[in-house]
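One structure below.
Bear in mind these aren't lab numbers, they're just calculated from the coordinates by the rules spelled out. None of the values given here were measured: they were computed from a predicted structure. Quick reminder, even Gly has a Cβ in these numbers, built from the backbone with ideal geometry, and neighbours come from all protein chains shown.
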Amino acid sequence: MDNQAIPIDERHIDERIHILEMRIKELENILVIKNNEYETLNEQYEQAIRDLKKAKMELERLKSTPLIVGNIKDVIDDYRVVVKSSTGPDFIVTYSGEIDKKNLKNGMRVSLNKQTLAVMELLPSSIDSIVAGAEVIDKPSTTYDDIGGLDAQLREVRESVEYPLLYPNVYKKVGVEPPKGVLIIGPPGTGKTMIAKAIAHHTNACFIRFVGSELVQKYIGEGARLVRELFELANEKAPSIIFLDELDSIGSKRTDVSTSGDREVQRTLMQLLAELDGFEPLGNVKIIGATNRPDILDDALLRPGRFDRIIEIPKPDLNGRKKIFKIHTKNMSLAKDVDLSILADKSENATGAEIKAIITEAGMFTIREERDTVTMKDFLNGLDKVMKHTTKSDRQKQMYMFS
Ligand SMILES: Nc1ncnc2c1ncn2[C@@H]1O[C@H](COP(=O)(O)OP(=O)(O)O)[C@@H](O)[C@H]1O
Ligand SMILES: [Mg+2]
């Protein structure tokens, strides 16, 4: 058993090392695949659990007895409250152990057990019915760092919206009234929505986005009421920012109003004007409007005390385009030959949204060819595809938009 006696065949060991290395590589690849599979499965599993929970709750709700709607009139002590049912007199009742006492407030809508009238749950106020239409995001994730270029515009929006929300006293002391509302105008895809979201992110404000065209199409006959409730909601959730996207669809010039649809838009606009006049420039509700069609806006919207500050967002310049390329490629594995300056130079006239599309296309080429780094050629292909696609329709759009 003398080890030294065994002749060492170097070639043999080399071969063994090589085989082992190959095997390890192979196993690593399998591991990656299995890990991905595991993650997908795990997601599906968690989704199934959530669906099950939802289905069970649904069943529970269907089986339970109907509830009566009431309002809290007074909180007596740790066990009892005075409620007024929607039909009858006031009652002193208990409330469910699930309800936290500190959430009980006078005037709140609640559901009551039909037999005992015990308070079963707290109901959202009726204003929340419009939340289905408005996009209420307590804190959007978009930050200033996600926006390329537009430094001057961003500063202007911040001065008009963010600082007055954060430091109203400074404005009071100096005696300056900040604008109540700012209107962001510019071609589609230039970052108007992003700016509004980023502002809401950095102010910790509740961000309520309402898209004008939806308001007109989805809620026929209710536009005016919705606008009123939108502002009520904003007050309730203050500090908040109301973001009226596609403002032109409710705020276009009043021409001869002939159809009932036009009259409806009219009423909605009138309500919006009334709401704008009704709130305080230094309160903790701010309003941002955005539109691609400033040319057709009703002048009344632009009077002092309404959207009295207009901020124009241009298409990005060379530097802006380069920054946008940088932002949207920051999580990509780029090949060494990728030169973002050249791409910025070649994408003249592209909007931020188009640059993002170029990058996505480049990524798609890469994936299609089963490579794991994105090359300059991929980007150039993406650029070709996106810019060819847009130039024609763009030219048409621009004829009436930003002429
Ligand atoms: N300045 C920009 N910086 C970074 N990304 C941008 C910029 N402008 C547009 N984008 C990209 O385009 C998308 C659409 O932008 P958006 O803000 O919705 O445009 P708009 O509201 O002006 O039509 C954004 O989600 C973002 O990915
Ligand atoms: Mg937008």
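With the simple spin-label model, which puts each label point 7 Å out from Cα in the Cβ direction, the K377 to E98 separation comes to 6.1 nm. Modelled this way, with points 7 Å down the Cα-to-C-beta line, the labels at T40 and E348 are 4.5 nm from one another. Is the stretch 67-123 rounded, prolate or oblate when judged by the Cα gyration tensor, a ≥ b ≥ c being the square roots of its eigenvalues, rounded requiring a/c under 1.5 and prolate requiring a/b larger than b/c? Rounded, because the longest to shortest axis ratio a/c is under 1.5.
With R₀ fixed at 41 Å, the C-beta to C-beta distance from D317 to R225 puts the FRET efficiency at about 0.40. Each peptide in 24-35, 291-302, 365-376, 178-189 receives the mean, over its residues, of other Cβ atoms within 10 Å, and ordering these scores from highest gives 178-189, 291-302, 365-376, 24-35.
The stretch 133-211 gives an Rg/Rh value of 0.97, both radii derived from C-alpha positions and Rh following Kirkwood.
Using DSSP to call loops (not H, G, I, E or B), can you name the GluC sites (Glu not before Pro) in the stretch 35-117 whose Cβ has at most 14 other Cβ atoms within 10 angstrom?
Working: sites: E37, E39, E43, E46, E58, E60, E98; in loops: E98.
Listed in order of number, the matching sites are E98.
What the phi angles of the stretch 328-339 give under the Karplus curve with 6.51, -1.76 and 1.60, with θ = phi - 60°, is a coupling list of 7, 9, 5, 9, 9, 8, 9, 5, 4, 7, 6, 10 Hz, glycine and proline written as x.
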